[in-house]
Ligand SMILES: [Zn+2]
C-alpha cells in the first residue's frame, strides 16, 4: 500500500467441529472417507415434518473456543433460520445464529511484519454445514453427508491492515482450534474455510467504504495472494476516480485474480427469524465454568512457559509452539536428552523441521519414523562427540528413511568421529599439501583461507573430523611451516 491509503480486512472463518454426530441429528459427522449419501437421515435431508435436536457437545466446543478467543459468553443464546435458496441447502434455510451467538467481543494476539497486534473477534456462533456439490460431465451431483455437520463461524473485527496480518491471524486461529482439539482445521480439506472482507480507505480515517467479499480461497497461500490482488485492484480503481461496487468476488487460483460473482447480500435479504423448532437457550454460568476446566494450555501460554522453563528465545518458543504436535515432540525429546534444551530446539527447528516440511507431514507423523527416544539417542551421540553435527544431519535423514537407530547407522556407515590426533594429523598434512594457494593466502593474513582449509579437511574425512581438533591441528601445522 502507500502513504495515503490503508487496507481494511476482516475475516469470516467457518470451522467444522469434530463431534461424533451431526448438529441436529444422530448421523455420524465423520464423512471424510464415507461413500456419498451414506451419513444421512430425514433430519439432515430436510424432510418435511422432522424435528431437529441440539448436539450438546457442539455447543460446549463452541463455548470452549469462544473462551479461548477471550470472548464473553452471553447468558442467552438462540438459533435462527437463515433463508436462502441454493442447491446445496436441502431445507431452503440453514439453522444458524443471528443476534444471540455463543460468544461475543474477544481477541487474538498475532505477530506480523515485526509488529505485535491484538485483533478483535466480533462473535463466535454455531450453525449447520450444507451439502457438497460435485460437478461432473455436465451433471451436478449432491452429496448430503456434509449436510448438518456442526459448523462454527468465527467473525473478526475489520482490524487487519495487510494480507500478512490476515494470514498470520488464520495461522494463529487454526493453531488455537487444533490445541483445543475441536476441529481438524484443515483448509485444503475444507474443514477450515475463510471468506475475507476487504476495502481501502484514506489512512487514519474511520469511514467504512464499499466492502468487497472474497470467496473460494482454499489455502493460506490463496488467501494471501487474493488479498494482495484485491488491494492492488481497489487501489487502482480509487486512483482512477472510479466507484467501487459492494460485491462478492471469487478467487480464481489458476489465473491469480478475483472475478465478480454477485452483488453482496445484506442481512435483511436472508429474512432471519428465530428457529421455531428449537427452544431459546439459557447458558448456565456453572456450565460455562465446567467447560472452562477443559481449557488446555494454549499456544501463547505454552510459548511463555518454554521461555521460562527451557530458557529459549522468544523466536524459538514461538516456532516450536505454533503447532501442538511440534511442541509435544520437542518436550518429549528435551526431557529425554542430555543436551541443553536450547540445543534440542535447534535440532527440532532446523534439521528435523526440514524433513517435516519437505515431506509435508507434521511432527506426529515424524514421530512414527523417529520416536523421541531415537532422536534423543542421536543428539546424545553428538553430545559425546561420537559423531560430528554434520554427520548427525545425514544420520537423521537416514533414520527417517529406514527407521533404524542412530547407533546402528553410525556403525554401518562408519561415521564415528575422528578424534585421534595421529589420524587427524595425517589428514591435515594432506590438506595443506594439496592446497598451496590457500596456504599462501593464510600467510598473507586472510581469514577466509583458514575456513577453506577446514572445509577441505571435513570433505576429506566425509564430515567425520572433530571440528575443534581439526582446526587446532591445521593451525598448528601452518604456524610450524611459517
Ligand atoms: Zn442425519
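The values are calculated or read from the model by the stated rules, or taken from the named source; none is laboratory data. Note that the coordinates shown come from a computational prediction; the quantities given were computed from them, not determined experimentally. So basically every Cβ, Gly included, is an ideal-geometry build from the backbone, and we count neighbours across all protein chains shown.
Side notes on the structure shown:
- Any hit, region 16-30, residues being within 16 Å of the ligand (Cβ to nearest atom), in the same structural domain as residue 127 (by TED's automatic domain parsing), buried (at least 22 other Cβ atoms within 10 Å of the Cβ) and not in a loop (DSSP other than H, G, I, E, B): yes
- Selection count where residues are touching a residue at least 24 places away in the same chain (Cβ under 8 Å) and over 27 Å from the mean Cα position of the chain (by Cα), scope region 341-388: 11
- Of all residues making up region 233-262, the number that are touching a strand residue (DSSP E or B) at 6+ places or on another chain (Cβ under 6 Å) and exposed (fewer than 12 other Cβ atoms within 10 Å of the Cβ): 3
- If the condition is being exposed (fewer than 14 other Cβ atoms within 10 Å of the Cβ) and either touching a helix residue (DSSP H, G or I) at 6+ places or on another chain (Cβ under 8 Å) or within 23 Å of residue 183 (Cα to Cα) (or both), then region 35-52 contributes 35, 38.
- Leading residue by the ranking (nearest to residue 293 (Cα to Cα)) among those in region 31-63 that are within 11 Å of the ligand (Cβ to nearest atom) and without any contact (Cβ under 8 Å) to a residue 40 or more places away in the chain: 53
- Flag for residue 214 being outside any strand (DSSP E or B) and under 24 Å from residue 108 (Cα atoms): no
- Selection from region 417-465 of residues that are without any contact (Cβ under 8 Å) to a residue 60 or more places away in the chain and in contact with a strand residue (DSSP E or B) (Cβ under 7 Å, 6 or more places away or on another chain): 418, 424, 427, 457, 461
- Of the numbered criteria (1) assigned by TED's automatic domain parsing to the domain that holds residue 385; (2) surrounded by fewer than 13 Cβ atoms within 10 Å (Cβ to Cβ), the one residue 444 fails is (1).
- Checked across region 301-317, the condition of being at pLDDT below 95 and touching a helix residue (DSSP H, G or I) at 6+ places or on another chain (Cβ under 8 Å) holds for at least one residue.
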